[in-house]
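Nothing in this text is a laboratory measurement; each read-out follows from the coordinates by a stated rule. Only a predicted model underlies this, so the values are computations on that prediction, with no experimental measurement involved. Using ideal geometry, Cβ is built from the backbone for each residue, glycine included, and neighbour counts are taken over all protein chains shown.
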Amino acid sequence: MRESLAGDQRAYAALLQETTRLLRPFLAKRLNIASEVDDLMQEILISIHKARHTYDGNRPYKPWVYAIAKFRLQDHLRTHYSDQLRHALDFDELEEYLLEPVTESLMSYESISGEVDKLPDKQAMILRFLHQDGYTAREVAEKTGMTESAVKVAAHRAYKVLRKKLER
Amino acid sequence: MANIDDLVATLAQDAATVKPAPHPFLLCFQWMGAAAIYLALALAISGPRPDLLDRFHHAWFVAEIVALLGVFIVTSLSTALLAFPDLHQKRRLAFAPIAAFTLFLGVLFLAWRADAPPSPLPVHSFECTLSIALMTLLPAAWAFYSLRRFASTHYRLAGSAALLSAFSVGALWLRLHEDTDSIAHLVEWHYLPMLVIGLAGLWLGKVLLKW
C-alpha cells in the first residue's frame with residue numbers, strides 16, 4: 001500500500017487483486033447470490049480507492065480494509081432489506097393473488113411491451129415468458145428456478161407497476 | 001470476475017501519488033487551536049464576566065470549566081478518529097466522550113449539591129441556548145467541512161461528536177462571559193440542549209458525511 005500511495009500503478013493493481021481475494025470469502029459467506037458479491041466487491045474497491053488517503057502505511061492494512069468492507073456490506077444489506085420491506089405484500093393480498101390466473105390479463109401484451117421492457121429484469125423476463133411465449137406460471141417457475149408462487153407474486157407486482165403507469 | 005479485473009485496471013491507472021491524511025492527533029490539535037483562537041476572539045469582543053478572576057477561586061466553578069474543557073478536547077479527538085474508516089485503530093479513544101460526559105455530569109451534580117443556598121435564577125432563559133447555538137455555527141461548519149474530506153464509516157457518530165465539540169466551545173464561551181451561577185439554569189439552558197445537539201448530530205452526520 002505504501003508503494004501504491006507513492007503512485008506505483010503495478011503495486012496498486014496487485015494490492016487491489018490481493019484485497020479482492022481476501023474479501024471474496026468474507027462477502028460470499030454473508031451474501032447468497034454470486035452476482036451480488038461481485039457488485040458489492042466493485043463498490044468496495046471503489047471505496048478503497050476513494051479513501052486511500054486515510055491509510056498512511058504505518059498501521060496494519062487488514063483492519064482498515066475490513067472496516068470499509070463491513071461499512072459497504074451494511075449499506076448494501078440496509079438497502080436490500082428496505083427494498084424488500086417496500087415491496088412486501090400482505091398475506092391476505094397474497095392469498096388472493098395466488099389464486100388468480102396470471103397468464104390471463106385484460107391488457108394485450110403487444111400494447112404494453114414498451115412498458116414491460118422498463119420493468120426490473122426479473123419481472124420483465126417473467127412477463128415475457130407468460131405473455132409473449134405463452135408459458136404457464138409452473139413452466140416459468142421451472143425455467144427460472146423459482147417457485148410457482150414466487151413467479152405469481154413477481155407477476156402480480158409487475159402488473160401493479162404497469163397498472164399504475166398506464167393509469168397515469 | 002472480468003468486470004472486477006477491468007475495474008482494478010482502471011483504478012490502478014488512476015493511482016497518482018496520494019498525500020496521506022494527517023494523523024488524527026495532529027488534526028485534533030489543529031481543530032483545538034482554531035477553536036481556542038475563536039473562543040479568545042469571541043471573549044475579546046463580548047467581554048468576559050466581570051467576576052471571572054474571583055470565580056476562579058471557587059473550586060466547583062473551576063471543576064466545571066475543566067470538565068467542560070475535557071468534553072471539548074475528548075469530543076474533538078473522537079471526531080478526528082471517527083473521520084478514519086478504521087478509527088485509526090484506536091477504538092477506545094474514539095468512544096472516550098462517554099467517560100468525559102459521565103465525569104462532566106458528576107461534576108455538575110456535585111456543584112449543584114454544593115450550591116447552597118442556591119444562586120438566584122437569571123431573568124432570561126432560552127437566550128442562553130440561542131447564543132450558544134449561534135456561537136456553535138462556525139466551528140460546526142468547519143468541523144463538517146473537514147470531516148467530508150475523510151472517509152468516516154461511523155458517519156452518524158462522527159456528526160454527533162463534531163456537533164458536541166463545537167457546542168462545547170459555545171458553552172465554554174458563555175460560561176466565561178455570562179454572569180450566572182445558578183446550576184438549575186445552567187443545566188436547563190446550557191447543558192441539556194447539548195443532548196439535543198448530540199442527537200441532531202447523528203442525523204446531520206448521516207446527511208452530510210455519507211460517502
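Sorted fewest first by neighbouring Cβ atoms within 10 angstrom, A:79, B:180, B:79 come out as A:79, B:180, B:79.
Straight Cα distances below 20 angstrom link residue A:29 to the aspartates and glutamates A:18, A:38, A:39, A:43, A:75, with same-chain residues fewer than 8 positions distant left out. For chain A, the convex hull drawn through the C-alpha positions has a volume of 167 cubic angstrom per residue. Taking the range B:84-205 on its own, what percent of its Cα-Cα pair distances exceed 26 Å? Roughly 27 percent, rounded to a whole number. Seen from residue B:128, the other residues with C-beta closer than 14 Å to its C-beta sum to a net charge of -3, counting Lys and Arg as +1 and Asp and Glu as -1. Eigenvalues of the alpha-carbon gyration tensor of the range A:2-86, scaled by 5 and square-rooted, set the equivalent ellipsoid semi-axes at 26, 13, 11 angstrom, largest first.
Using only alpha carbon positions, build the gyration tensor of the range B:19-105, then give the equivalent ellipsoid semi-axes as the square roots of 5 times its eigenvalues, largest first, whole angstrom. Don't skip to the end; give the middle numbers.
Working: eigenvalues 173, 64, 10 Å².
Working through the eigenvalues yields semi-axes of 29, 18, 7 Å.
Spread over its residues, the convex hull of the C-alpha atoms of the range B:1-155 is 167 Å³ per residue.
Within a straight-line Cα-Cα reach of under 29 Å, residue A:164 can be paired with the following lysines, leaving aside sequence neighbours fewer than 8 residues apart in one chain: A:118, A:122, A:143, A:152.
Taking residue B:90 as the anchor, which lysines have their alpha carbon closer than 19 Å to its alpha carbon, excluding any fewer than eight residues away along the same chain? Partners within reach: A:62, A:70. With Cα atoms as the point set, the radius of gyration and Dmax of the protein assembly as shown evaluate to 28.9, 91 Å. Label sites at residue A:53 and residue B:105, each approximated as a point 7 angstrom past Cα along Cα to Cβ, lie 3.8 nm apart. Charged neighbours of residue B:106, selected by a Cβ distance under 14 Å, balance to 0 (K, R count +1; D, E count -1). Taken along the Cα-to-beta-carbon direction at a fixed 7 Å, the label points for residue A:124 and residue B:188 span 6.3 nm. With contacts taken as Cα pairs under 8 Å at a separation of at least 6 residues, chain B carries a relative contact order of 27 percent. The Cα-based radius of gyration and maximum Cα-Cα distance (Dmax) for the range B:45-89 are 16.0, 46 Å. For chain B, return all DSSP H helices satisfying: extent of Cα atoms along own axis at least 24 Å; mean Kyte-Doolittle hydropathy at least 1.0. Correct list, ordered by number: B:24-46, B:59-82, B:97-114, B:126-147, B:192-209. Over the range B:106-202, calculate the relative contact order: mean separation of alpha carbon pairs under 8 Å at least 6 apart, over the residue count, as a percent. Normalised by residue count, the contact order of the range B:106-202 is 45 percent. Normalised by the number of residues in chain A, the mean separation of alpha-carbon contacts (under 8 Å, six or more apart) gives a relative contact order of 15 percent.
How charged is the neighbourhood of residue A:141? Take every other residue with its Cβ under 15 Å from the Cβ of residue A:141, and add Lys/Arg as +1 and Asp/Glu as -1. Charge balance near residue A:141 sits at +1.
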